[in-house]
Amino acid sequence: MEMLAYIRAFLLLGCAILIAVSAITDLRSRRIPNRIVAVIAAGGLAYAFLSWPGLVWLSLIVSVVLFFGIGTLAHFRLIGGGDVKLLAAVAFLVPPGDVGPMLLNIMIAGGVLSAGYLAVRALSSILTAQRIAVPAGTRRAVQFPVPDPGSAEKAQTVPYAVAILAGVIFHIGTELNGCLFAISCSP
């Protein structure tokens, strides 16, 4: 039985590391590689089989509903497609009844992340406006650097995999904290 606990811990840690890798790639390029999401989903599914074997079918249903439900938001460009796939994959890491609270943690982390991005953008525009202000009476044109074509679009998006990572880590950490202090513990 102890070996099973080690395997579960290895799967959970491996998935957390891969979610962190996806967050880093999302920060750098605003893309989440499908291969990483597939490995997270496979690891999460294996974790579900070992942790709550009688509810794996429900975990699959929850993941598919998340994929298509949140996929609708991606259709309207409110969230990225990689984020949708990652959310569906991380749904396997918690029992089906805990997906809602985990999503709430992810949404809170996403709100904090978005607020931070808005604050940085506002501060950046204030500092930029002060640097390129032209003194009154000057008749010269102000030259702005032309950014590369994809950078403006990337600057307008939030790397939501970072919020997914924070929400998942917080949720699992809270659950593990309850287990360590014998308050309550999911399988």
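The values are calculated or read from the model by the stated rules, or taken from the named source; none is laboratory data. Bear in mind that the values here come from a model prediction, so they are computed numbers and not experimental data. Counting neighbours? That spans all protein chains shown, and the Cβs are built from the backbone with ideal geometry, glycine included.
A few points about this structure:
- From the options VAL120, VAL84, VAL112, residue that is surrounded by 16 or more Cβ atoms within 10 Å (Cβ to Cβ), of a type in the set (A, V, I, L, M, F, W, C), on the phi < 0 side of the Ramachandran plot and modelled with pLDDT of 85 or more: VAL84
- Test: residue in region 30-51 that is modelled with pLDDT under 95, aliphatic (A, V, I, L, M), surrounded by 14 or more Cβ atoms within 10 Å (Cβ to Cβ) and not in a helix (DSSP H, G or I): no
- Of the listed requirements (1) part of a helix (DSSP H, G or I); (2) surrounded by fewer than 20 Cβ atoms within 10 Å (Cβ to Cβ); (3) free of Cβ contacts under 8 Å to residues at least 24 places away in the same chain, THR25 misses just one: (3).
- Filter pass, ARG77 being modelled with pLDDT under 95 and either in a helix (DSSP H, G or I) or over 30 Å from ALA5 (Cβ atoms) (or both): yes
- Residue satisfying all of: in region 52-67; aromatic (Phe, Trp, Tyr) and buried (at least 16 other Cβ atoms within 10 Å of the Cβ); farthest from the chain's Cα centre (by Cα) among these: TRP52
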